[in-house]
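Written below as structure tokens is the structure these notes are about.
The values are calculated or read from the model by the stated rules, or taken from the named source; none is laboratory data. Since we're looking at a predicted model, the values are computed, not measured. As a convention, Cβ positions derive from the backbone with ideal geometry for all residues, glycine included, and neighbour counts pool all protein chains shown.
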Amino acid sequence: MYDPTVARLTYRALLGRRRALILGILPALLIVISVLVRALSGTDDQTASDLLGGFGLATMVPIIGVIAGTGAIGPEIDDGSVVYLLAKPVKRPTIILTKLFVAIAVTMAFSALPMMISGLILNGNGQQVAVAYTVAALVASIAYAAMFLLLGTVSRHAVIFGLVYALVWEALFGSLVSGARTLSVQQWALAVAKKVTDSDLVTSDVSLTTGTVLLVVVTVATTWYAGQKLRALTLAGEE
Amino acid sequence: MTTLNIDHVSRWFGNVVAVNDVTMTIGPGVTGLLGPNGAGKSTLIGMMGGFLAPSTGSVTLDGRPVWRNEQIYRHIGIVPEREGMYDFLTGREFVVANAELHGLGAKEAQRALATVEMEYAQDRKISTYSKGMRQRVKMASALVHEPSLLLLDEPFNGMDPRQRMQLMELLRRMGDEGRTVLFSSHILEEVEQLAWHIEVIVAGRHAASGDFRKIRRLMTDRPHRYLVRSSDDRALAAALIADPSTSGIEVDHTEGALRVQAVDFGRFTTLLPRVAKDHGIRLLTVSPSDESLESVFSYLVAA
Ligand SMILES: Nc1ncnc2c1ncn2[C@@H]1O[C@H](COP(=O)(O)OP(=O)(O)O)[C@@H](O)[C@H]1O
Ligand SMILES: [Mg+2]
């Protein structure tokens, strides 16, 4: 179910100099903003929650998810190097699960860690806000990595589609249309986060049960489907 | 003994029929898959290597299906045409990774690197390699597990003559060892030099099959067409048509030249200058008008 060689190749592709830089931009921005907010207006639990939720969870986490999830397989399919993985006696689902594992780990590292640091800077984890959003980021990382890994497997334009989803659906549409909110990884993760903090600072449109079930269903379904897609992957010529 | 069986295989992409009802058996030794660009060679090799499902028909290796059967890769080594190959790794790291994916290790990787004579550059990043070096590292990655079937798509593209020689020698050795080696090319000379057996594919169809002598004969025993310009086209035409080696002549007014069709190539090449000299006609241009490989191939298919 896990192949260390596939994992090593995937880590190296994801954490290559350029991609690592791109992955680091938003987390760095979140931390810088947190430092500024703290310096200019002191600690405030509501402000902390707004920043971590509005920018961290709604924007940073899905975008990190897009970069890591699609980047874990998309470029290999695009340049044809995935042949070297596929022409081996390694089960295709093992390849997908390994890549999912790596994408999750990278998304978590680049989203949950800065979330925690920012939370501590903003209000020193008052009312568990930092921990709550860190947990939300961890949970969301799993679902995003799985969704965008599938997207990277099926589409050459995965990054574009992924960014549109992350920015338009999660960040914009989700905050305007209530229907979209139920079908939003962000809301599911918030449902989990709400459980962590015992305050009203974190709110979600879905219940903890609904959120958890949907997170699991989406993660499992997209991963399974990506495995199927990879089994039947047709390597087109160099057009 | 490894035999690859291609049985009534077709593959289409939308309306384009890339491979059209091809049946062939590839046995031990070196086989060349010859055909012009767009003939369907890569598509066929894709199906042979299990990367593309045949629309109809089947591909089997010693009776086992190739499509959707990852265990088959214990016996197949693939050298793809495309360049993508984890450029951020060193040659050694790349080959070791390929070995590991086969359940092997650094020892086998090292041996494969030695086989392709790439040890001297194995610790450089692949991104710094020349085309020929990349090709050899790809080759090493395909050889780590000593496959009985080796598939190579246009392996000589972009190689300099020395690299070409080296690779040919290596493939010949693989064939001598009893492995089944299949490579594709659009260059007749390349295939002639290396292949014991040639399969010709044109416009998706299996056009001919045999050793190089047979294929060469098929390709040269055909009318040759020439475009001739001279100081007096009419007089030249009259003189040439009298000889049996000339089977047809027409005056092409738009080109301002003669189109000559010769059945006896050897005789015609001595006839033309002699006739011109005898009649005091100066030859301005003599060029074969259909020597492109494509026209040779289309002749083959029409036959
Ligand atoms: N993925 C694809 N989608 C659509 N058409 C394709 C695809 N791959 C190949 N073709 C078409 O199939 C034909 C054969 O292509 P190919 O197998 O690459 O030929 P060759 O390798 O002999 O140059 C060409 O007409 C090509 O345009
Ligand atoms: Mg080709």
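Couple of notes before you dig in:
- B:THR60, sole failed condition from (1) within 15 Å of ligand 1 (Cβ to nearest atom); (2) more than 10 Å from chain A (Cβ to nearest Cβ): (1)
- The residues on offer are B:MET85, B:MET48, and the sole one that is at pLDDT below 95 and within 12 Å of another protein chain (Cβ to nearest Cβ) is B:MET85.
Residue-wise test of (1) of a type in the set (S, T, N, Q); (2) within 16 Å of ligand 2 (Cβ to nearest atom); (3) under 21 Å from B:LEU151 (Cβ atoms).
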site	(1), (2), (3)
B:THR43	yes, yes, yes
B:ASN69	yes, no, yes
B:GLY77	no, no, yes
B:ARG124	no, no, no
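- Whichever residue in the range A:95-136 is under 24 Å from B:ASP87 (Cα atoms) and buried (at least 24 other Cβ atoms within 10 Å of the Cβ) and, among such residues, is nearest to the other protein chains (Cβ to nearest Cβ): A:ILE95
- Cross-chain or 6+ apart pairs with Cβ under 6 Å, the range A:1-24 first and away from chain B (no Cβ under 11 Å), then of a type in the set (Phe, Trp, Tyr): A:LEU23/A:PHE110
- Any hit, the range B:20-31, residues being more than 7 Å from every other protein chain (Cβ to nearest Cβ) and within 13 Å of ligand 1 (Cβ to nearest atom): yes
- Taking the numbered list (1) away from ligand 1 (no atom under 12 Å from the Cβ); (2) surrounded by fewer than 22 Cβ atoms within 10 Å (Cβ to Cβ) in turn, B:ASN15 passes all entries but (1).
- Of the helices (runs of 4 or more DSSP H) that lie entirely inside the range A:101-182, those containing 2 or more residues that are among the polar types (S, T, N, Q) and touching a residue at least 60 places away in the same chain (Cβ under 8 Å) span A:129-154.
- Of everything in the range B:135-166 that is within 16 Å of ligand 2 (Cβ to nearest atom) and in contact (Cβ under 8 Å) with a residue 40 or more places away in the chain, the residue that is farthest from B:LEU188 (Cα to Cα) is B:LYS138.
- Any hit, the range A:64-79, residues being buried (at least 22 other Cβ atoms within 10 Å of the Cβ), farther than 29 Å from A:GLN127 by Cβ and either of a type in the set (D, E, K, R) or without any contact (Cβ under 8 Å) to a residue 40 or more places away in the chain (or both): yes
- Residue match in the range A:74-94 (condition: more than 14 Å from every other protein chain (Cβ to nearest Cβ), over 30 Å from A:ASP198 (Cα atoms) and assigned to a helix (DSSP H, G or I)): no
- Scanning the range B:49-95 for residues that are out of contact with any Asp or Glu (no Cβ under 8 Å at 6 or more places or on another chain) and acidic (Asp, Glu) yields a count of 4.
- Meets criteria (within 16 Å of ligand 2 (Cβ to nearest atom) and either outside the structural domain of B:ARG172 (by the TED database) or touching a residue at least 40 places away in the same chain (Cβ under 8 Å) (or both)) for B:GLY57: no
- Number of the condition not met by B:GLY103 [criteria: (1) free of Cβ contacts under 8 Å to residues at least 24 places away in the same chain; (2) within 16 Å of ligand 1 (Cβ to nearest atom)]: (2)
- Scanning the range B:67-81 for any residue that is near ligand 1 (Cβ under 10 Å from one of its atoms), at the interface with another protein chain (Cβ under 8 Å from one of its Cβ atoms), among the acidic types (Asp, Glu) and crowded, with 16+ Cβ neighbours inside 10 Å turns up at least one such residue.
- Residue pairs whose Cβ atoms lie under 8 Å apart, separated by 6 or more positions or on different chains, with the first residue in the range B:253-273 and free of Cβ contacts under 8 Å to residues at least 12 places away in the same chain and the second surrounded by 11 or more Cβ atoms within 10 Å (Cβ to Cβ), are B:PRO273/B:LEU283.
- Residues located in the range B:90-130, provided they are of a type in the set (A, V, I, L, M) and within 7 Å of chain A (Cβ to nearest Cβ): B:ALA97, B:LEU101
- Number of positions in the range A:184-207 that are surrounded by fewer than 15 Cβ atoms within 10 Å (Cβ to Cβ) and without any contact (Cβ under 8 Å) to a residue 24 or more places away in the chain: 3
- Residues in the range B:172-189 that are modelled with pLDDT of 95 or more and among the hydrophobic types (A, V, I, L, M, F, W, C): B:VAL181, B:LEU182, B:PHE183.
- Condition check for B:SER247: under 21 Å from the mean Cα position of the chain (by Cα) and either surrounded by 14 or more Cβ atoms within 10 Å (Cβ to Cβ) or within 16 Å of ligand 2 (Cβ to nearest atom) (or both): no
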